[in-house]
Amino acid sequence: MTDTSATNPEWIPVWYGYDREFLVRFTDADNRRHDWHVRSDNFDGTGRRRHMAWHAWPDIPDPERWDKPVFLHRRLADAKDEFALVVMQGWRRGFGYTESVTGSPIYGRDSARRERRFLVAELHGRGICPRCGKLVHVRTDGMLNAHNRPRSLDRCDGTHGPAVAELKTLAQMAEAGL
C-alpha cells in the first residue's frame, strides 16, 4: 500500500434506484471521520451538463480544497479506485499519459509522478507483469501468479518472475532484458 494513513472506505448504499447513491465513510490518520456523498450524475459543479459519471463531494464543504464535485469515473469499480487515490491519498490527475500506453494516465503528489496502473496495483496488493504489463496476483513468496497474455491464450513469458517495480518506457524494459 502506498499510504496507510487512511482506512478502507465503507461504501454505504443510500439509494438503490436507477441513479444509485452512496455514503462513503473513512477515517484518516488523525482519527477524524470523513463522510462523502457519491452519485452517478451528469453535473460538473458549474451547472453544465457532462457525460454520466460518478461524482463525489464532502458532507462538510471545504472551499479551499474541494470547491466542486470531484469527477471519479464512469464505471463504479474504477470510481472506487479513483476515490481512494484522489480523495483519500491525495494524488492529483492531469500530468499526461505514458509514452507507450496512452490509456495509462500519470498522477502526481508533492514532487512524485506515478502511473495509475502502478498505484492501483499497490492499492489492491497486486503486481504488474514486467513482460505484458497485466495486473496479476502476487504469491506469498513474492512471485507473480501464472497468467495468459492479454488478447491471447498463450502463457506469458514473464509469469514466473518477481513483481516488477515501475518501468517507465519500453527502452528501459529492453535494457533490463525483458
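A few points about this structure:
- The residue pairs whose first member lies in region 128-156 and is within 18 Å of Arg114 (Cβ to Cβ), whose second member is of a type in the set (Asp, Glu), and whose beta carbons are closer than 9 Å, counting only pairs six or more residues apart or on different chains, are Ile128/Glu166.
- Residue in region 92-104 that is hydrophobic (A, V, I, L, M, F, W, C), modelled with pLDDT of 80 or more and under 18 Å from the mean Cα position of the chain (by Cα) present: no
Residue by residue, here is whether (1) more than 25 Å from Arg114 (Cβ to Cβ); (2) modelled with pLDDT of 85 or more; (3) in a loop (DSSP other than H, G, I, E, B) holds:
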| residue | (1), (2), (3) |
| --- | --- |
| Phe26 | no, yes, no |
| Ala29 | no, no, yes |
| Trp36 | no, yes, no |
| Thr46 | yes, no, yes |
| Ala53 | no, no, no |
| Ala56 | no, yes, no |
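- Only residues that are under 11 Å from the mean Cα position of the chain (by Cα) and assigned to a loop (DSSP other than H, G, I, E, B) were counted in region 79-91, giving 2.
The values are calculated or read from the model by the stated rules, or taken from the named source; none is laboratory data. Since the model is a prediction, treat every value here as computed from it, not as a measurement. Glycine also receives a Cβ, built like all others from the backbone with ideal geometry; neighbour counts cover every protein chain displayed.
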